[in-house]
Structure formats: C-alpha cells, structure tokens
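**Q** Mind having a look at this structure? Questions to follow.
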C-alpha cells in the first residue's frame, strides 16, 4: 500500500491527474483501471476519477502487481463463431483467461487471437489487451467479441456503454427457484472483507440481472439470464445473494456439487448487436460446452 498527501501544488485538480503527478510510474490507463477496481481510496473512501482533490487529502493506492513484459502469439485452438475484417467473435472455453495478467502471463485468449489475427487488432485496449472490448471470467465460457481496428473498438465500446448490446447467458444454480421470471436489481462493489471478491453494497454501482427459468430439477434450476449492466462477477454475485449460487462456483458458494465440476456453470450464450462498421443487426450464439450438456442430461435422466 502506497500513501500520499495532496499538497498545495496539486489541490483542486482531478484525482486521476493528481495521482499521475504523485507517481509518474503509473500510466493514466492503469490509474483509471485502479480507480474502476476500487483499489484507490481518498480519505478512506472510493472516489471517481473526476473527484477534485483537496489540500491534505490522503491517497491510498494498493500495490500494483508486476506487469507482463512480453505478449506473444500462441497456437491455441479456439472456436471462431464469426470473423470479418473488422471483428472476430469466438467461443471462449472455461478455464481460459481473456488477457495476460500477473499469474497468467500467457495461454490467454489474447495470445490465441494474436496467432489468428497477427497484427490486425485494435490497440485501444492497451499493449496487453489488444482488441478486447469486453471480458468473461476465467471459468465462464462463451461468446466474446474482439475488435480488429480502433473504429470497430470505439463503436462497440459505445454500444456497451449505452446498453445497446444484448448479452444472454445460461446457468445451473443450486436450489429450486419458485418464480418463473424475475429481475435482480442490487448494486455491486468490491467486498470490504476480501478485495478479490465483489459483493452487493448500498454504495456499489448499479447492477441489473434478469432471469427466466428454463427447467427445474430436483435441487437445481436451469436458467436463462440477461444482464443490463456488466459489473465484475455480476451474475455470480446476484444469484448467490438471493440464495441460488451457481453450481461449481468456488468463490461465491462452497463450490460443492455431485458432478465434479470445477468453476461455475455459467455460459455466455448469445450476443445481439449492430455491426460496428456496416451497422447490420447481428445475432450470434456460442454452443453450450459438452460438460454443461452432460450435467443437464444427467439431471434429465434422474427426472425419468
């Protein structure tokens, strides 16, 4: 943890700019990321980048993990759902990290995409996130768009920001949900008890998840889900909060299940969006993984 005190020279300026002045080793993009991930506090509270600093404000910055020094293309098999000169849409397997980070320097989706697209990727996401417009958790499988150029990246980012992209998922949860359809509207922020986890918090960011029951089984419910917002771990946190954790989730439940599944049974099934260049309406789907189908088939047999 690094601590700084705002002096007269930098009082009254934006928080992100003040931090840049206090520590020139942290890039502006990294500062934004740390603020979004609530790893920076001002007088013990989380503030937005636009916060105007005051004299003697105490700034606390969590230690930054070691950066990846080199990004290399890797020949990793990845299912391509759609590809043209502007975007590539893939079906990310469970267990694969989207982009390199401390502890996952390679073997990521980005390494695989670089091998397919070579230098044809948007640079807006930064050196280690080329083309990455949105993400999925490591153990969430499913559909993901990657931008091949900056124009496509900006357009897709704006669609996400304006909630114009429809994201749908399927999940298997523990417990039998009575409602056929419902909406979970609970703000989410970083947990006060464990900084690696998210939690429902009154002062968190707005988060909305809709669900519809596909089928109920003995002790389990199979769900369709749609999210209006894209908060970190949103679906997992919301379902756990209402008492129906996702099967296999080792963070927001005890992870126990009779199927031997490691990692949550959550799959990003489809995306509806406008093509960032042609503006054509796109509807793309990612097939459900075999292990997921096997579990559902097992539950079906037990019903008969």
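**Q** Among the residues of segment 149-163, is there at least one that is in a strand (DSSP E or B), farther than 25 Å from residue 217 by Cβ and within 15 Å of the chain's Cα centre (by Cα)?
**A** No, every residue in segment 149-163 fails to be in a strand (DSSP E or B), farther than 25 Å from residue 217 by Cβ and within 15 Å of the chain's Cα centre (by Cα).
**Q** Here's something else I'd like to know. Could you check residue 170 against (1) crowded, with 19+ Cβ neighbours inside 10 Å; (2) touching a helix residue (DSSP H, G or I) at 6+ places or on another chain (Cβ under 9 Å); (3) without any contact (Cβ under 8 Å) to a residue 40 or more places away in the chain and say which number it fails?
**A** (3)
**Q** Hey, any hits in segment 120-131 for a residue that's under 17 Å from the mean Cα position of the chain (by Cα), at pLDDT 90 or above, over 30 Å from residue 220 (Cβ atoms) and buried (at least 19 other Cβ atoms within 10 Å of the Cβ)?
**A** no
**Q** Got a sec? Which of 173, 146 is over 20 Å from residue 271 (Cα atoms), outside any loop (DSSP other than H, G, I, E, B) and at pLDDT 90 or above?
**A** Checking each option against the conditions leaves just 173.
**Q** Here is a list of conditions, (1) buried (at least 17 other Cβ atoms within 10 Å of the Cβ); (2) in the same structural domain as residue 204 (by TED's automatic domain parsing); (3) outside any loop (DSSP other than H, G, I, E, B), and residue 282 meets all of them except one; can you say which number that is?
**A** (2)
**Q** Just the residues that are buried (at least 17 other Cβ atoms within 10 Å of the Cβ) and under 16 Å from the mean Cα position of the chain (by Cα), please, taken from segment 173-190.
**A** 188, 189, 190 - these are the residues of segment 173-190 that are buried (at least 17 other Cβ atoms within 10 Å of the Cβ) and under 16 Å from the mean Cα position of the chain (by Cα).
**Q** If you don't mind, another one. Any residue that is part of a strand (DSSP E or B) and farther than 13 Å from residue 175 by Cβ - is there at least one of those in segment 256-266?
**A** Yes, some residue in segment 256-266 is part of a strand (DSSP E or B) and farther than 13 Å from residue 175 by Cβ.
**Q** Counting just the residues of segment 261-276 that are surrounded by 16 or more Cβ atoms within 10 Å (Cβ to Cβ) and in contact with a helix residue (DSSP H, G or I) (Cβ under 8 Å, 6 or more places away or on another chain), which one comes out farthest from residue 90 (Cα to Cα)?
**A** Step by step, filter segment 261-276, then rank; the result is 261.
**Q** Next question. Could you list, in sequence order, all residues of segment 83-114 that are part of a strand (DSSP E or B) and over 16 Å from residue 149 (Cα atoms)?
**A** 90, 91, 92, 101, 104
**Q** For residue 71, which of the numbered conditions (1) touching a residue at least 12 places away in the same chain (Cβ under 8 Å); (2) surrounded by 17 or more Cβ atoms within 10 Å (Cβ to Cβ); (3) outside any loop (DSSP other than H, G, I, E, B); (4) not assigned by TED's automatic domain parsing to the domain that holds residue 134 fails to hold?
**A** Tallying (1) touching a residue at least 12 places away in the same chain (Cβ under 8 Å); (2) surrounded by 17 or more Cβ atoms within 10 Å (Cβ to Cβ); (3) outside any loop (DSSP other than H, G, I, E, B); (4) not assigned by TED's automatic domain parsing to the domain that holds residue 134, residue 71 fails exactly one: (3).
**Q** So how many residues does segment 28-56 have that are in a helix (DSSP H, G or I) and either free of Cβ contacts under 8 Å to residues at least 24 places away in the same chain or more than 20 Å from the chain's Cα centre (by Cα) (or both)?
**A** Counting residues in segment 28-56 that are in a helix (DSSP H, G or I) and either free of Cβ contacts under 8 Å to residues at least 24 places away in the same chain or more than 20 Å from the chain's Cα centre (by Cα) (or both) gives 6.
The values are calculated or read from the model by the stated rules, or taken from the named source; none is laboratory data. Fair warning: this is a prediction, and the values are worked out from it, not measured in the lab. In this analysis, Cβ positions are derived from the backbone assuming ideal geometry, glycine residues included, and neighbour counts consider all displayed protein chains.
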